[in-house]
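The values are calculated or read from the model by the stated rules, or taken from the named source; none is laboratory data. Model, not experiment: these values are computed from the prediction. Every residue, glycine as well, gets a Cβ built from its backbone with ideal geometry; the counts of neighbours run over all protein chains shown.
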């Protein structure tokens, strides 16, 4: 295959035919290089639109952020040249993941949120989406009370064309209640989703793991087990769901630790080149917990690790693996806490 | 002429609206009226078999006469027939169905209810439908005559009729094609190729049998192996493609079976999967995509089943637990066969893989045991060419790159050093290569980073180090501000003056820096923060090849004045060759450099009068 000799159109056509993943990303990045080398802004914009979507939904949020930054810059420099709606919609994807990068300060994030608010207002959209993302970001910062206040505002306002779909919003509520450790409320809020009345491309995939732990604590394990199997099928094989694959490991650690190890082995490779630090942190933290649990067993485990993994030669020592993954998770948690100005994530990891 | 036995009733639905729904929203083409009539006939035959099984043989007779708008079509079965109450019932069912919407077709599987909908579909091609029916349960023969305006009549007929149903359609204007003999033959075969009852088509000139006896391998797909030629011929007749190989499909319940024809050409990962599925012997879908696992895109299947539920359009199946199980078992038939080939018939496997490596890799990624058995035959691109993994793994440790970009950076140099590097950049490849030690513990694989190719470069001698010390130091200082270091080495091929390698972080950082220049203030500041972490880990190296005569001259102490410009130009050239984004500073460097060299060139040729 003659990658370097392919034209922009060839690259894009080939990329459109691939499922979301590294190979597709590479073709799109090459398409960007070809477009930029030719100075073709429209092509550069088109290829970057694809990178923003792929990056947002397949584990490359940094690539998405960079591509979006270029798009927004060109959008401002060339008024009327590009579609407003789809760009404004991608703004939400970018904001949705931006808090995962500890290097980005709260002021910078606030500035982006305000920028989005201004732009949405200029396009005639309501500030509901602004409050929705503010609620989400505050929860990401570990400020749950402040987040709840924003949620109240969101719920008092009318939805508009920029609102996430109803299933996604309901999921947002479930996620928030789960963070609050309100087990019964979490399960209740998830009901319309679990009964199939609200679905979309990512719901109930992401919702199911949110109710597994609450159900278990409420003594409803058989329900939780069934949901876990169903939910796992939905997130299987898609690197976008690393966070949730981690939560499946967490749940299975409590109910079926050997199965948890299988899930770990399946996703350890994709976790390594994942760009979302928070998703990696959760995956690593639950993996660490699983290895601690396995260490209690009398049998010896031989863990399958991908070639080149730093622990390749400790694949039989579950205690060392537990330490390795715990350290990785903690390092991220500490950075996030430092940025957020609290101890939310380090505490969260201790309580897993 | 008024008949005393004739009563007029009204449909309980807006019939023209119903027909409109059927033809525009539910059915993909009016020709499905043939499927519906065949289905009605089959259902009637099945019902009659249950009612009086002894010595009964079902058959369907179709007759076409006349031409253009004068054409009529007769479809006759010797099935159970209908009595008057049943006729009213099916029409009433249609009334009910409109309230329940599209789901009607999939949930209502009763013979009577389906019959009515089937008959209605005929209004797509005819304004005048007559049905003559004699119930096997007794009672008078009946004639039903329907009009598209929503009226119908029922008349009791005198005399003795054999049980069964005849439907007469008169061609409506614009529907001539649906009454044309050749089309009828083709479409009847299309829908009914697997029907277990003979279908006869009679025209003014000829009588022919549409479907031969149901082949033995429909009952037991394993028998297909013994009828290879026949199965391939059937595949060509039904699917219109010439196949060379196939895999029989079956499930443990025995209720679903089929033939997976191996596509004779390579297909894209995103190619539409159009499998042809027969439900209870009748074609329901030519475009079923969800009946096989995703990885099985190298086959086109004929599948027959009696256990799946079609969606309202009857073109796909409901995604439920049963479908999931069928899909898994059908997938398993294919997987088992491939694994058997690996063991007993490697040549056959080879020919499958030569076209369909991608499909095999998609499965191998999901299934380690499959990968383990098949891996030796899977081809990978490498600096030794495209070779099967079994051959590549003879050269341990097996180096591979994780991305196309990395492979691109090193391929020339690695080839020239006869170093084996496998390209892991295409879909599934890096994943499979990193899993290789799990299926063959004797093989070591190692991900190679571009800068590691330099390990095979020849270091310069201590004397050369001394001679070039000042020049290297100078070159290094020129590129320092671009976070790029300079190394002097000897490597093949000597035509390559420099090799630029950069870490993933460095590549990402370059993109970030370039984007900062076009983005908004708020985002540029964000990118700046992200960049600080990347920048610490970001480094690039420009290797200068002392084997290259020009480089050797450039680094000679005598040319120290020109060296900075030479270094800068080669650096910019390397960036451009690699399509790396250049920031403003680098572009300025390039412009300045070109002018500089033109100036030097003109000065030199001026002095020598254009001759060396």
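Yes or no: residue B:519 within 14 Å of another protein chain (Cβ to nearest Cβ), crowded, with 16+ Cβ neighbours inside 10 Å, in a loop (DSSP other than H, G, I, E, B) and at pLDDT 90 or above? Give the steps one after another, and end with the answer.
Working: within 14 Å of another protein chain (Cβ to nearest Cβ): yes; crowded, with 16+ Cβ neighbours inside 10 Å: yes; in a loop (DSSP other than H, G, I, E, B): yes; at pLDDT 90 or above: yes.
Yes, satisfied.
Looking at B:587, B:511, B:567, can you tell me which residue is part of a helix (DSSP H, G or I), more than 19 Å from residue B:410 (Cα to Cα) and touching a strand residue (DSSP E or B) at 6+ places or on another chain (Cβ under 8 Å)? Give the steps one after another, and end with the answer.
Details: B:587 fails: touching a strand residue (DSSP E or B) at 6+ places or on another chain (Cβ under 8 Å); B:511 fails: touching a strand residue (DSSP E or B) at 6+ places or on another chain (Cβ under 8 Å).
Just a single option satisfies the conditions, and that option is B:567.
Based on this model, can you work out whether residue B:431 counts as in contact with a helix residue (DSSP H, G or I) (Cβ under 6 Å, 6 or more places away or on another chain) and part of a helix (DSSP H, G or I)? Spell out how you get there, then give the answer.
Working: in contact with a helix residue (DSSP H, G or I) (Cβ under 6 Å, 6 or more places away or on another chain): yes; part of a helix (DSSP H, G or I): yes.
Spelling it out, residue B:431 is indeed in contact with a helix residue (DSSP H, G or I) (Cβ under 6 Å, 6 or more places away or on another chain) and part of a helix (DSSP H, G or I).
I'd like to know if region A:208-219 contains one or more residues that are over 22 Å from residue B:321 (Cβ atoms), modelled with pLDDT of 95 or more and not in a helix (DSSP H, G or I). Break it down into steps so the answer makes sense when it comes.
Start the filter on region A:208-219 by keeping residues that are over 22 Å from residue B:321 (Cβ atoms), which leaves A:210, A:213-214, A:216-219.
Subsequent filtering for residues that are modelled with pLDDT of 95 or more retains A:210, A:213-214, A:216-219.
Checking which are not in a helix (DSSP H, G or I) leaves us with A:218-219.
Yes, region A:208-219 contains at least one residue that is over 22 Å from residue B:321 (Cβ atoms), modelled with pLDDT of 95 or more and not in a helix (DSSP H, G or I).
Looking at region A:116-126, is at least one residue assigned to a helix (DSSP H, G or I), farther than 22 Å from residue B:511 by Cα and under 19 Å from the mean Cα position of the chain (by Cα)?
For region A:116-126, residues assigned to a helix (DSSP H, G or I), farther than 22 Å from residue B:511 by Cα and under 19 Å from the mean Cα position of the chain (by Cα): absent.
This table checks each residue for (1) closer than 18 Å to residue B:512 by Cβ; (2) touching a helix residue (DSSP H, G or I) at 6+ places or on another chain (Cβ under 7 Å).
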site	(1), (2)
A:30	yes, yes
A:33	yes, no
A:44	yes, yes
A:58	no, yes
A:66	yes, yes
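I'd like the full set of residues that are in contact (Cβ under 8 Å) with a residue 24 or more places away in the chain and either surrounded by fewer than 16 Cβ atoms within 10 Å (Cβ to Cβ) or more than 14 Å from every other protein chain (Cβ to nearest Cβ) (or both), limited to region B:522-546. Explain how you work it out, then say what you get.
Initially, region B:522-546 is screened for residues in contact (Cβ under 8 Å) with a residue 24 or more places away in the chain, giving B:534-535, B:537-546.
B:537, B:539, B:540, B:541, B:542, B:543, B:544, B:545, B:546, listed by residue number.
Would you confirm whether or not region A:49-65 contains a residue that is more than 24 Å from residue A:172 (Cα to Cα) and away from every other protein chain (no Cβ under 12 Å)?
Of region A:49-65, the ones more than 24 Å from residue A:172 (Cα to Cα) are A:49-51, A:63.
Among the residues that remain, those that are also away from every other protein chain (no Cβ under 12 Å) are: A:49-50.
Yes, region A:49-65 contains a residue that is more than 24 Å from residue A:172 (Cα to Cα) and away from every other protein chain (no Cβ under 12 Å).
Is it the case that residue A:152 is farther than 26 Å from residue A:75 by Cβ, surrounded by fewer than 17 Cβ atoms within 10 Å (Cβ to Cβ) and away from chain B (no Cβ under 14 Å)?
Numbers: farther than 26 Å from residue A:75 by Cβ: yes; surrounded by fewer than 17 Cβ atoms within 10 Å (Cβ to Cβ): yes; away from chain B (no Cβ under 14 Å): yes.
Yes; evaluated as a whole, the condition is true for this residue.
Quickly run through region A:110-123 and pick out the residues that are more than 8 Å from chain B (Cβ to nearest Cβ) and either surrounded by 18 or more Cβ atoms within 10 Å (Cβ to Cβ) or in contact with a helix residue (DSSP H, G or I) (Cβ under 7 Å, 6 or more places away or on another chain) (or both).
Hits for region A:110-123 are A:113, A:116, A:117, A:119, A:120, A:123.
Taking region A:5-49 only, how many residues are touching a residue at least 60 places away in the same chain (Cβ under 8 Å) and buried (at least 21 other Cβ atoms within 10 Å of the Cβ)? Lay out the reasoning, then the answer.
Of the residues in region A:5-49, the ones touching a residue at least 60 places away in the same chain (Cβ under 8 Å) are A:20-22.
Still in the list and also buried (at least 21 other Cβ atoms within 10 Å of the Cβ): A:22.
Adding up the residues that qualify gives 1.
Can you find even one residue in region A:6-21 that is under 25 Å from the mean Cα position of the chain (by Cα), more than 10 Å from every other protein chain (Cβ to nearest Cβ), assigned to a loop (DSSP other than H, G, I, E, B) and on the phi > 0 side of the Ramachandran plot?
So far as region A:6-21 goes, no, none of its residues is under 25 Å from the mean Cα position of the chain (by Cα), more than 10 Å from every other protein chain (Cβ to nearest Cβ), assigned to a loop (DSSP other than H, G, I, E, B) and on the phi > 0 side of the Ramachandran plot.
Find the helices (runs of 4 or more DSSP H) located wholly in region A:235-302 whose residues include 3 or more that are within 14 Å of chain B (Cβ to nearest Cβ), under 18 Å from residue A:328 (Cβ atoms) and in contact (Cβ under 8 Å) with a residue 12 or more places away in the chain, and list them.
By residue number, A:257-272.
Scan the helices (runs of 4 or more DSSP H) fully inside region B:145-240 and keep the ones with 2 or more residues being more than 26 Å from residue B:30 (Cα to Cα) and free of Cβ contacts under 8 Å to residues at least 40 places away in the same chain.
On the way: elements: B:181-192, B:216-219, B:228-239.
Filter on region B:145-240 gives B:216-219, B:228-239.
Only residues that are more than 8 Å from chain B (Cβ to nearest Cβ) and surrounded by fewer than 20 Cβ atoms within 10 Å (Cβ to Cβ): list them for region A:98-109, please.
A:106, A:107
Can you tell me which residue in region B:411-425 is surrounded by the fewest Cβ atoms within 10 Å (Cβ to Cβ), limited to those that are closer than 14 Å to residue B:491 by Cβ and within 14 Å of chain A (Cβ to nearest Cβ)? Let's see the steps before the verdict.
Taking region B:411-425 and keeping what is closer than 14 Å to residue B:491 by Cβ, we get B:411-419.
Now narrow it down to the ones that are within 14 Å of chain A (Cβ to nearest Cβ): B:411-412.
On the way: B:411: 19, B:412: 16.
Per the criteria, the residue is B:412.
Can you pull out every residue in region B:372-382 that is within 14 Å of chain A (Cβ to nearest Cβ) and more than 18 Å from residue A:22 (Cβ to Cβ)? Show your work before the answer.
Within region B:372-382, the first condition is being within 14 Å of chain A (Cβ to nearest Cβ), and the residues that meet it are B:372, B:379-382.
Within region B:372-382, B:372, B:379, B:382 meet the criteria.
Please determine, by comparing only the residues of region B:547-564 that are outside any helix (DSSP H, G or I) and in contact (Cβ under 8 Å) with a residue 40 or more places away in the chain, which one is nearest to residue B:484 (Cα to Cα). Break it down stepwise before answering.
Here is the first cut: in region B:547-564, the residues outside any helix (DSSP H, G or I) are B:547-548, B:555-556, B:560-562.
If we keep only those that are in contact (Cβ under 8 Å) with a residue 40 or more places away in the chain too, we end up with B:547-548, B:555-556, B:560.
Details: B:547: 21, B:548: 21, B:555: 18, B:556: 21, B:560: 20 Å.
Step by step, filter region B:547-564, then rank; the result is B:555.
If I ask for residues that are assigned to a helix (DSSP H, G or I) and more than 14 Å from chain A (Cβ to nearest Cβ), which ones from region B:487-508 would you list? Reasoning before the result, please.
Here is the first cut: in region B:487-508, the residues assigned to a helix (DSSP H, G or I) are B:504-508.
Hit for region B:487-508 is B:506, nothing else.
From A:194, A:252, which residue is farther than 20 Å from residue A:292 by Cβ and touching a helix residue (DSSP H, G or I) at 6+ places or on another chain (Cβ under 9 Å)? Quick ask: steps written out before the conclusion?
Details: A:252 fails: farther than 20 Å from residue A:292 by Cβ.
None of the others qualify; the one that does is A:194.
List the number of the failed condition for residue B:428; all other conditions in (1) free of Cβ contacts under 8 Å to residues at least 60 places away in the same chain; (2) within 11 Å of chain A (Cβ to nearest Cβ); (3) buried (at least 20 other Cβ atoms within 10 Å of the Cβ) hold.
Status for residue B:428: all satisfied but (1).
If you go through region A:50-72 one residue at a time, do you hit one that is assigned to a helix (DSSP H, G or I) and surrounded by fewer than 16 Cβ atoms within 10 Å (Cβ to Cβ)? It would help to see each step written out before you state the result.
Of the residues in region A:50-72, the ones assigned to a helix (DSSP H, G or I) are A:50-57, A:61-72.
The next check asks that each one be surrounded by fewer than 16 Cβ atoms within 10 Å (Cβ to Cβ); those that pass are none.
For region A:50-72, residues assigned to a helix (DSSP H, G or I) and surrounded by fewer than 16 Cβ atoms within 10 Å (Cβ to Cβ): absent.
So in region B:570-584, with the set limited to residues that are within 11 Å of chain A (Cβ to nearest Cβ) and in contact with a strand residue (DSSP E or B) (Cβ under 9 Å, 6 or more places away or on another chain), which one is farthest from residue B:498 (Cα to Cα)? Explain how you work it out, then say what you get.
If we filter region B:570-584 for residues that are within 11 Å of chain A (Cβ to nearest Cβ), which is where we start, we get B:575-582.
Then keep just the ones that are in contact with a strand residue (DSSP E or B) (Cβ under 9 Å, 6 or more places away or on another chain); that gives B:575, B:577-578, B:580.
Details: B:575: 11, B:577: 11, B:578: 12, B:580: 16 Å.
Only one residue fits best here, namely B:580.
Any idea how many residues of region B:303-340 are in contact with a helix residue (DSSP H, G or I) (Cβ under 7 Å, 6 or more places away or on another chain), assigned to a helix (DSSP H, G or I) and at pLDDT below 90?
Total satisfying the criteria: 0.
Which of the residues spanning region B:434-453 are in a helix (DSSP H, G or I) and more than 8 Å from every other protein chain (Cβ to nearest Cβ)?
In the first step, residues of region B:434-453 are kept if they are in a helix (DSSP H, G or I); the result is B:434-439, B:450-453.
Within region B:434-453, B:439, B:450, B:451, B:452, B:453 meet the criteria.
Do any residues in region B:469-491 that are outside the structural domain of residue B:547 (by TED's automatic domain parsing) and within 17 Å of residue B:457 (Cα to Cα) have Cβ atoms under 8 Å from those of residues that are at pLDDT 95 or above and surrounded by fewer than 16 Cβ atoms within 10 Å (Cβ to Cβ), where the two are at least six apart or on different chains, and which pairs are they?
Within 8 Å, no pair qualifies.
Does region A:75-91 contain at least one residue that is on the phi > 0 side of the Ramachandran plot, more than 14 Å from chain B (Cβ to nearest Cβ) and crowded, with 17+ Cβ neighbours inside 10 Å?
Scanning region A:75-91 turns up no residue that is on the phi > 0 side of the Ramachandran plot, more than 14 Å from chain B (Cβ to nearest Cβ) and crowded, with 17+ Cβ neighbours inside 10 Å.
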